[in-house]
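Chemist: Structure incoming, see below.
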Amino acid sequence: MTLTITLSSNSINSLDLSPATAVIDKILALDNIASSEQQLCFDIQYDLEAGDPRELSEIPEVRLWFIRLDAKYPWLPFLLDWQSGEFARYAALLVPHQFNSKEGIQYNPEALEIFIMHKTFVLKDWLEQQNIPSQSRIKSMAKLLGYDLDDELFQML
């Protein structure tokens, strides 16, 4: 059951999280949040002027909205539909990067490493609070962005 958060230019420009909180709060009210794992996607309807070549992740207003969302729900990657690319898009909205016509998105390596480690720490704690096994999920998430997390890291945590 895929859930969609539809964002308008107005919501983004006013930093209004209510379209997201309405959907996420329903998920949080479920007895079994694990049933919503990787079920969330965004329909971003942000108005651009004709001929504006920017990707959504290059628009400061869109990035700022997602930074605010991430501050409220830092564990949100658990809910994002990874297979449809939602997690990669989410990362692009939060991590500085450049587009290369031949190689695609090129993240700032240090910023991406900080992002991955931050999400690792947040998700490990949050998933444990939810009584959901975390290690394999977090390792899979990191692998989507090209990182292999060692088992020793999880032993330290």
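The values are calculated or read from the model by the stated rules, or taken from the named source; none is laboratory data. If you're wondering where the values come from, they're calculated on a predicted model, not measured in any experiment. Quick reminder, even Gly has a Cβ in these numbers, built from the backbone with ideal geometry, and neighbours come from all protein chains shown. Ligands, DNA and RNA are stripped out before the accessible areas are found, and what is left, the full protein with its side chains, is counted by its heavy atoms. Shrake-Rupley method; radii C 1.70, N 1.55, O 1.52, S 1.80 Å.
Chemist: What is the sum of charges around residue 70, taking Lys and Arg as +1, Asp and Glu as -1, for the other residues whose C-beta is under 12 Å from the C-beta of residue 70? Intermediate results must be reported in sequence, preceding the final value.
Modeler: Values: positive: 63, 68, 72, 119; negative: none.
Spelling it out: positives minus negatives among the neighbours equals +4.
Chemist: Hey, another quick one. Mind checking which lysines have their C-alpha under 18 Å from residue 124, skipping anything on the same chain fewer than 8 residues away?
Modeler: The reachable lysines, counting only those whose Cα sits under 18 Å from residue 124, are 72, 139, 143.
Chemist: Next question, about the same structure. At most 12 other Cβ atoms within 10 Å and a DSSP loop assignment: could you name the GluC sites (Glu not before Pro) in the stretch 59-106 that fit?
Modeler: 103
Chemist: Can you pull the semi-axes for the stretch 87-138, root of five times each eigenvalue of the Cα gyration tensor, sorted largest first, whole Å?
Modeler: Working: eigenvalues 148, 22, 13 Å².
Equivalent-ellipsoid dimensions as semi-axes: 27, 10, 8 Å.
Chemist: 7 Å from Cα along Cα→Cβ at both residue 49 and residue 111: what's the point-to-point distance in nm?
Modeler: Label at residue 49, label at residue 111, 2.4 nm between them.
Chemist: Give me the one-decimal Kirkwood hydrodynamic radius in Å for the stretch 52-157, with the sum taken over alpha-carbon pairs.
Modeler: On the way: mean 1/r = 0.0685 Å⁻¹.
Answer for the stretch 52-157: a Kirkwood hydrodynamic radius of 14.6 Å.
Chemist: Quick one: which residues, 5+ away or cross-chain, put their amide H under 5 Å from the amide H of residue 5? H built at 1.01 Å from N.
Modeler: Residues meeting the amide H criterion: 41, 42, 43.
Chemist: How large is the accessible surface per residue of the chain, computed with a 1.4 Å probe and reported in Å² as a whole number?
Modeler: On the way: 8760 Å² over 157 residues.
Normalised by residue count, the accessible surface of the chain is 56 Å².
Chemist: How would you order 105-114, 62-71 from highest to lowest mean count of nearby Cβ atoms within 10 Å?
Modeler: Working: 105-114: 13.6, 62-71: 17.7.
Going from most to least packed, we get 62-71, 105-114.
Chemist: Report, to the nearest whole %, how much of the accessible area of the stretch 38-157 belongs to carbon and sulfur atoms, 1.4 Å probe, protein only.
Modeler: Exposed carbon and sulfur together represent 48 percent of the surface.
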